[in-house]
Each structure stands twice: as C-alpha cells, then as structure tokens.
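For reference, the structure discussed in these notes is given below.
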Amino acid sequence: MKLASLKSGRDGRLVVVSNDLTRYTDAARVAPTLQAALDDWNNCEPGLRELAQGVETGSVPVERFHERECESPLPRAYQWADGSAYINHVELVRKARNAEVPASFYEDPLMYQGGSDSFLGPRDDIVMSTDEGWGIDMEAEIAVITGDVPMGVTPEEAKDYIRLVMLVNDVSLRGLIPAELAKGFGFFQSKPSSAFTPVAVTPDTLGEAWDGGAIHLPLLVRYNGEPFGQANAGKDLTFNFPQLIAHAAKSRPLGAGAIIGSGTVSNKLDGGPGKSIADGGDGYSCIAEIRTIETIYDGEAKTPFMKFGDTVEIKMKDGDGRSIFGSISQKVAKYERK
C-alpha cells in the first residue's frame, strides 16, 4: 500500500496511490490526514487497504497522481530522530581528521533529534538565507514511520511498530556543524528542514527487498543531472531499523507518526572507502563523504558543497526498474522572506 499527502493546509490531504504511481483516490472517508490514520492505525489500515485494492481494480474513483502536488507524507511530525546506521560513513569522516571511532559506536547507535515542524515537500527548493559558505549538503537516507512504540521495547518487538517506509534528504550545513558540536549540545542550526519522498509505503509493498529491518536495494542519487550514488541500503549496516527504534525508545515512548532515519547510506568497497560511479564504484549519498575520501588520499577536499542552482534527485527502484516511492527532486535557492 502506498500513501501520500497532497498539498492542502498544514498537514496535507491523505490519498492512496496506485502501485505504479499514476493514480490516486481520496482517503477522506477513512482519515483526513496521514497523522490521523497513524493515530488510529488498527481501525484505519483495513479501510486504506480496501481503497488501495480499489485503485488497482478500478472500483473506486481515481485521479491522475502528480508527485509535484505532494507534501512530504507527514508535512510535520511529532518526532524526527535520525540515526547513523552505516558506520562506514562515520569511519570515513573521522579518518579524514585522524580521529578514531570509539568502540561504543559499534554497539550503541548515534542518534540526534531533528526539527520536525517544517519538513520540505519532495519538490520544494532547499532555501538558504545566506551564501553557500555554510557548506550545503544533501544526505540520502531511508526512514520509517512508527506507530505508538512503548518505552523499553526490544529490537525484536520493534519490528511490529514499523508502519511505513520512505526516503529522506536530510539536508546538512557542514560549515556550521563543527562549532555546534564543539559546544557539546548537538545539532540545531546545522540541520535545516528535511524532505521526504512523495510516497510512503507499507513494508509488505517492498516484497523480498524488505527483511524486516532494512531495504536491500540501491539508493539512487543524481547530482546536477549526473549519477552520484547507488549505494545498496541493505549492505554495511551496523544497526537496522528495529535496533534504531529500540534505541530511541529506551527512556521514552514514541508517539504514532514518529520518524526514524537511517543516517547516510554508505557502502564499503573491498573493505575500504568507496569509489565514484565514474570510477566503477557505487558512489556516495552525500558530498561530505567524497570530500573525506579526497582528504584521505589527496590531502585536501576538492569537491565543493552545493551552490545556488544545484539540483539533487533521490529515488529507489524495484527489481523491475519501477520507482517505488517517487523521487525527491530539489534545487538550492536563495531564501526570500515574504
């Protein structure tokens, strides 16, 4: 089942989308918004699945689905917590500055709590109010949306609380990160609004590509129209989603609609750093990673961060080459206050 939120008000209008992303039907008779459906999932899910079947068989009214008309599936959320499941990314960043990865990082996930009151739509510009000196970067990731998760849940139990899966561009301002982390209080200004794919899907929609905790498919990133990354989201994980959810719920319950991110998807190559697609590798899911590899091998970073006018596209295809979630397609633009 595939769900989307069309632009309407602050929380969007919930619709059920066809598997091929060409048609949708309104879900108002079941729930007006995705958050409302998540708040009452046990009662709403059967009705939504009935609509999904109706979209496929033609037994319900449908309209043409346009990704550009979508908000992120949850235009705002009660919780957005981003982990770092792919430790290869952390290893590279630390190696570039001659720092060791603490042993605890392999046993206890890194996670930060991000802003969730103003997500970008999948076609919205990444707007910055200053020049490019803040080090604008994309981070292509996987994310899940949970139901109500009890405090102290185990990873095995956490599998049952994953309601939906989607992709995310976790925009980062690399130039602001060092000073913020040096304060010892975590990210804030260096993590502006994130964007999610037009569609969020139930785990069963992913078929054999979903193993209960990760998607075993390439995450496709194009930067300024050129292939940039195709790292497999099912490889080189130190932590899967049930483990990340359990970590987030260690000392608190998670409310329905909590979003948990995987962190930048990052693969090793023959046990070491990856290579660009042009050089026969699987590329990268963020600019910072290629810059760290340049620093390691060449002594300095050469690839610049994003500038005004630069574009990024993030998507994932199934085994038959069909888009699963639709695509995040954004441009960096100058912020003009209205």
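Every read-out reported here was derived from the displayed coordinates using simple, explicitly stated rules and does not represent laboratory data. Not measured: the values here are computed from a predicted model. So basically every Cβ, Gly included, is an ideal-geometry build from the backbone, and we count neighbours across all protein chains shown.
For segment 62-110, the Cα-based Rg and Dmax, in that order, read 18.5, 56 Å. Sequence gap at least 6, Cα distance under 8 Å: using those rules, report the relative contact order of the chain to the nearest whole percent. It rounds to 23 percent for the chain. For trypsin sites (Lys or Arg not before Pro), the sites in segment 276-309 that DSSP calls loop and that have at most 13 other Cβ atoms within 10 Å are Lys302, Lys307.
Take Glu132, project a point 7 Å from its Cα along the Cβ direction, then tell me which residues of segment 265-292 have their backbone nitrogen under 15 Å from it. Counting backbone N atoms under 15 Å from the label point, the list is 287-288, 291.
Return the tail of the calculated pair distribution for the chain, meaning the percent of Cα-Cα pairs more than 33 Å apart.
Roughly 23 percent, rounded to a whole number.
Sorted from greatest to least, the principal axis extents spanned by the alpha carbons of segment 1-149 come out as 61, 39, 26 Å. Remark: C-alpha extents of segment 201-283 on the principal axes read 45, 27, 27 Å, sorted largest to smallest. Enclosing the Cα atoms of segment 68-219 in their convex hull gives a volume equal to 148 cubic angstrom per residue.
Would you mind counting up the charge near Val171? Only other residues with Cβ under 10 Å from its Cβ, with Lys and Arg at +1 and Asp and Glu at -1. Combined, the nearby Lys, Arg, Asp and Glu give -2. Cross-link check: pairs Lys183/Lys334; Lys95/Lys191; Lys2/Lys268 evaluated at a Cα-Cα cut-off of 26 Å; pairs beyond the cut-off: Lys183/Lys334; Lys2/Lys268. The spacing between segment 122-164 and segment 1-59, judged by their C-alpha centroids, is 21 Å. Across every pair of non-identical alpha carbons in segment 83-170, the mean reciprocal distance, once inverted, gives a Kirkwood radius of 16.3 Å.
Counting other Cβ atoms within 10 Å, which trypsin sites (Lys or Arg not before Pro) in segment 13-120 have at most 13 and lie in a DSSP loop?
Here the trypsin sites (Lys or Arg not before Pro) that fit, given the DSSP loop and packing criteria, are Arg29, Arg97.
Estimated translational diffusion coefficient (Stokes-Einstein, Kirkwood radius over Cα pairs, 4 °C, 1.567 mPa s) of segment 198-338: 76 µm² per second.
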